[in-house]
2 protein chains.
Amino acid sequence: MSIESSVSRRPWLGWVLFLGTVVVVFLIGLFASTIVERRTEALVAYTPSTDIADREPRNEVWGRYFPREYQSYLRTRETTFRSKHNGSGLVDALAQDPNLVVLWAGYSFSKDYNQPRGHAWAVEDIRRTLRTGGPLDGKSGPMPNTCWSCKSPDVPRVMAEIGPAEFYRGTWAARGAEIVNAIGCADCHDPRTMNLRISRPALKEAFERQGKDITTATHQEMRSLVCAQCHVEYYFKGAGNYLTHPWDKGLAVEDMEAYYDAYDFSDWTHGLSRAPMLKAQHPGWELSRLGIHAQRGLACADCHMPYETQGGVKYTNHHVQSPLANIATTCQVCHRESEAVLMANVYERQDKNLEIRAAVERELVHAHVEAARAWEAGAGEAEMKPALTHIRHAQWRWDFAVASHGASFHAPLEVARILSSALEKAFQARLELARVLAAHGVTGPVLLPDLSTKEKAQRYVGLDMEALRREKQEFLEKVVPAWDRAAAEREKGYGPRPPQ
Amino acid sequence: MSIESSVSRRPWLGWVLFLGTVVVVFLIGLFASTIVERRTEALVAYTPSTDIADREPRNEVWGRYFPREYQSYLRTRETTFRSKHNGSGLVDALAQDPNLVVLWAGYSFSKDYNQPRGHAWAVEDIRRTLRTGGPLDGKSGPMPNTCWSCKSPDVPRVMAEIGPAEFYRGTWAARGAEIVNAIGCADCHDPRTMNLRISRPALKEAFERQGKDITTATHQEMRSLVCAQCHVEYYFKGAGNYLTHPWDKGLAVEDMEAYYDAYDFSDWTHGLSRAPMLKAQHPGWELSRLGIHAQRGLACADCHMPYETQGGVKYTNHHVQSPLANIATTCQVCHRESEAVLMANVYERQDKNLEIRAAVERELVHAHVEAARAWEAGAGEAEMKPALTHIRHAQWRWDFAVASHGASFHAPLEVARILSSALEKAFQARLELARVLAAHGVTGPVLLPDLSTKEKAQRYVGLDMEALRREKQEFLEKVVPAWDRAAAEREKGYGPRPPQ
């Protein structure tokens, strides 16, 4: 018996079939929507309905609401910058290249300089480096409080309380009990909306001095600008060591050089050549802007914090690291080449610049040693000035080109251009010095000391490494535990710490 | 009255309508096929069924069968290399940069050096340049027959008759009546199959010496290798001036330098410094291989001879020129940026390398002048040798990096690397010279002469330009017309010239 004939005999059956079909189709629609949208989990994860306090410095408190971001952040304890080339972990840059000890003679970087590690190490590493010395109270030690500026979300918290100028004042040991949480959530995010937020005044101030309003930046721009709070060139201005970006004349290496020259600013006087030196920090943002990836609209986060999915949730991987550690989610989003080819392309760019860099370092070391010999031979200030100015500019340019992460990949040709100009200036210094030396009876070549190891180089520039290490050990044993106890006591006032 | 009722009254009408529809649909199919396939014209144009003789040197004979390729080839008379920057036509490189006159002192390039023009100018330009002098018979003149090697499809024709070694022998004026057709079809194509073909023995021989068989090259490789017959580094070996590519130790700038050093080869002795100099030719192929476009599999022809369509015919544009002249059919095949952005990207790469290049030239000019002063002051051969070797290597590297077309776009970072090493060596020469000069009582800086114009620079290096121009004029009036008459007479034997 056909349905047709059944229905014609029982008219209400048609309605049952019709309504039944409606209900079934509706349910199928609901399921399909769930499968296609995969939004439910995303809503739970992303709706900013948290009770995180403004300026909350403890990353684990944020981590309760954003477990994926937080867990990926924790992996910044695994350091990978060019790790496939020279191993991971704490890499001693001075041991790898003892020339650096001579280049930084008279400055703290000649004591201790390791290749950078991930964000989660920030506080531990600044406590342990010999550069910060072994201050046993809050008034001694070689470094100012400004050195904390990029190390922790405790910095914007304290700045909100006392203002930036007061924050920078005093020695580094003065705020050891305040700055305890490593670089994390509050450095870049607003706790209520999770919007990206500039937490450091220096960047806002630098933009203002250039007539730009950083609050009008787009989200894509902010995905670089939050990085630019720290991964940029800066200096400590005046007696109050006020953190300042030297961008008033522009962002090119020559612009900042002109800025510093106009102020007659120098970071230190060189221990051998007595040249008034500049230490470039890490102008990563300024240099990456000049490369093809930034020119094509990419932000730092596009490659260093790629989007990933877990289950139905798309999130930003907060394990900030070299894109080469994860080529499938970084380079290969756009480039169709194999991992091996892409990696070879990057290393080729780095290796060519490393070649120029090595030449610059060679000539600069010669220039410092020859200048020292010229002083010894009785050269006067006026005679030496042109050579010392060339040394200052050469080393500034060299440092600018090599001090930041990945610059020779970000902007390979700009780095080569800068290194070439550094090479030119280093040689100009040596030509000047050859004439000064000849005028004082030194006509043969000035021989270099044995700089084959870090230890020999450090002895040559007059460092007592044993004393520095002893002093640091005492500081780590006596001072740091007291800082941590005081911080734990203080943080009790912030509300409960989440279960680990 | 409906069709249905008409047909039911007249049954044969249904068949008429059915068959009529079949016919119409068939015709529409025919048209559609013609429109979609567009192959008819292509078959006419591309089927290699010509009666062109092997080694036919007259491009217009080939042009009868391949009008699109030929007509686009004729447009190589319009020269566009960076023309948007500095005007088109014959650009005097020595007037633009009088330093070149000093760098090439004692060598013919200091007499006359114009920016290159298109293929169709090849014979006219080599006749007119002051570098080839004004030989009034087949035995005088400064240049060997080898200079013709890349100028004309008459070259493989004559080589097929007498062999390459015999071809190279003797002075340039000896073959003036033989070599009359500008670079064209037979240089790269087989007349029967139109396949790409290596017509120059030097390239095959260089590959053989490296253990490579050039006949196994793919079509895509051939689309670069036919260019590599001429746009490469070479030298004239031995008394017979045998054209040779110095690639036996490798294709990098250091490899070829080592090759020349091992042979103790020099192109000339410098007129000021007396350094044993190398002249880089135009290692365009060697350098472009090291750039990202070649690394991604592109051939020269992909950008310099893009595919275009005329009517239904796809053909290769034989107006070989800068891809910037036609961005829509070159860069934009892959890159989605605007013309303005792409052009700015190219010029940025060129400008950064031009900056390093200018520094190298400045230091090299100083080095030559300082070396001349050192000889004057009584320096001896042994003392001067280290400085002269540095000058040789510095200028070789500079020339290698800048002499070919577009190298600072093809391989920007490799060019920067080479120029930096040139800068280093130029300064090392100057440092050595400072010591030699001091040892001979010259302690102050050696001042440069006025090199602000080409004329002043040429006077400084001792050139009598008036005499050179007079000699050339006489040659153009007396010798060249006789060459052309003899050639026309000879070509009568080749069969009819097509109507123009």
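Below is a table of values for the structure above.
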quantity	calculated
The one condition in (1) assigned to a loop (DSSP other than H, G, I, E, B); (2) buried (at least 20 other Cβ atoms within 10 Å of the Cβ) that A:T146 fails to fulfil	(1)
Set B:R192, B:R209, B:R197: member being touching a residue at least 40 places away in the same chain (Cβ under 8 Å) and either open to solvent by 40 Å² or more (accessible area, probe 1.4 Å) or in the same structural domain as B:A367 (by TED's automatic domain parsing) (or both)	B:R192
Some residue of segment B:485-499 being within 30 Å of the chain's Cα centre (by Cα) and closer than 27 Å to B:K111 by Cα	no
Qualifying residue in segment B:463-478 (condition: in contact with a Leu (Cβ under 8 Å, 6 or more places away or on another chain) and under 30 Å from A:R357 (Cα atoms))	no
Meets criteria (at pLDDT below 90 and open to solvent by 100 Å² or more (accessible area, probe 1.4 Å)) for B:E41	no
Matching residues in segment B:427-456 - criterion: being within 7 Å of chain A (Cβ to nearest Cβ) and either of a type outside the set (A, V, I, L, M) or open to solvent by less than 50 Å² (accessible area, probe 1.4 Å) (or both)	B:F427, B:R430, B:L431, B:A434, B:R435, B:A438, B:T443
Inter-residue pairs, beta-carbon under 7 Å, first part of a helix (DSSP H, G or I) and in segment A:345-371, second open to solvent by less than 20 Å² (accessible area, probe 1.4 Å) and acidic (D, E), 6+ apart	A:K352/B:E414
Exclusive hit being in a helix (DSSP H, G or I) and facing chain A (nearest Cβ under 10 Å), set B:E424, B:E491, B:E466	B:E424
Qualifying residue in segment A:381-399 (condition: in contact with an Asp or Glu (Cβ under 7 Å, 6 or more places away or on another chain), of a type outside the set (F, W, Y) and open to solvent by less than 20 Å² (accessible area, probe 1.4 Å))	yes
In segment B:293-308, the residues that are hydrophobic (A, V, I, L, M, F, W, C), in contact (Cβ under 8 Å) with a residue 24 or more places away in the chain and within 14 Å of chain A (Cβ to nearest Cβ)	B:A294
Test: A:A429 is small (G, A, S), over 28 Å from the mean Cα position of the chain (by Cα) and either in a loop (DSSP other than H, G, I, E, B) or under 30 Å from B:A359 (Cβ atoms) (or both)	yes
Selection from segment A:324-342 of residues that are touching a residue at least 24 places away in the same chain (Cβ under 8 Å) and of a type outside the set (S, T, N, Q)	A:L324, A:A325, A:C331, A:V333
Test: residue in segment B:470-481 that is assigned to a loop (DSSP other than H, G, I, E, B), touching a helix residue (DSSP H, G or I) at 6+ places or on another chain (Cβ under 7 Å) and of a type outside the set (K, R)	no
Filter pass, A:L90 being of a type outside the set (G, A, S), in the same structural domain as A:V402 (by TED's automatic domain parsing) and in a loop (DSSP other than H, G, I, E, B)	yes
Considering residues of segment B:278-324 that are within 21 Å of B:S72 (Cβ to Cβ), among the polar types (S, T, N, Q) and not in a loop (DSSP other than H, G, I, E, B) only, the residue nearest to the chain's Cα centre (by Cα)	B:T316
Filter result for B:L423 (in the same structural domain as B:R392 (by TED's automatic domain parsing), in contact with a Ser or Thr (Cβ under 8 Å, 6 or more places away or on another chain) and at pLDDT 95 or above)	yes
Qualifying residues in segment A:385-421 (those that are polar (S, T, N, Q) and more than 13 Å from every other protein chain (Cβ to nearest Cβ)) - the one nearest to the chain's Cα centre (by Cα)	A:S404
Test: residue in segment B:118-125 that is open to solvent by less than 20 Å² (accessible area, probe 1.4 Å) and part of a loop (DSSP other than H, G, I, E, B)	yes
Selection count where residues are open to solvent by 40 Å² or more (accessible area, probe 1.4 Å) and in contact with a strand residue (DSSP E or B) (Cβ under 9 Å, 6 or more places away or on another chain), scope segment B:283-307	1
Scan of segment A:328-341 for residues that are buried (at least 19 other Cβ atoms within 10 Å of the Cβ) and either of a type in the set (G, A, S) or more than 14 Å from chain B (Cβ to nearest Cβ) (or both), ordered by number	A:T330
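Yes/no per residue for (1) within 22 Å of B:A407 (Cα to Cα); (2) open to solvent by less than 50 Å² (accessible area, probe 1.4 Å):
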| position | (1), (2) |
| --- | --- |
| B:A228 | yes, yes |
| B:G238 | no, no |
| B:G250 | yes, yes |
| B:A258 | yes, yes |
| B:T269 | no, no |
| B:L272 | no, yes |
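The values are calculated or read from the model by the stated rules, or taken from the named source; none is laboratory data. Remember, predicted model here, so these are calculated numbers, not experimental data. Note that each Cβ is placed from the backbone with ideal geometry, even for glycine, and that neighbours are counted across all protein chains shown. Please note that ligands, DNA and RNA were not included when accessible areas were found on the heavy atoms of the full protein model with its side chains. Shrake-Rupley method; radii C 1.70, N 1.55, O 1.52, S 1.80 Å.
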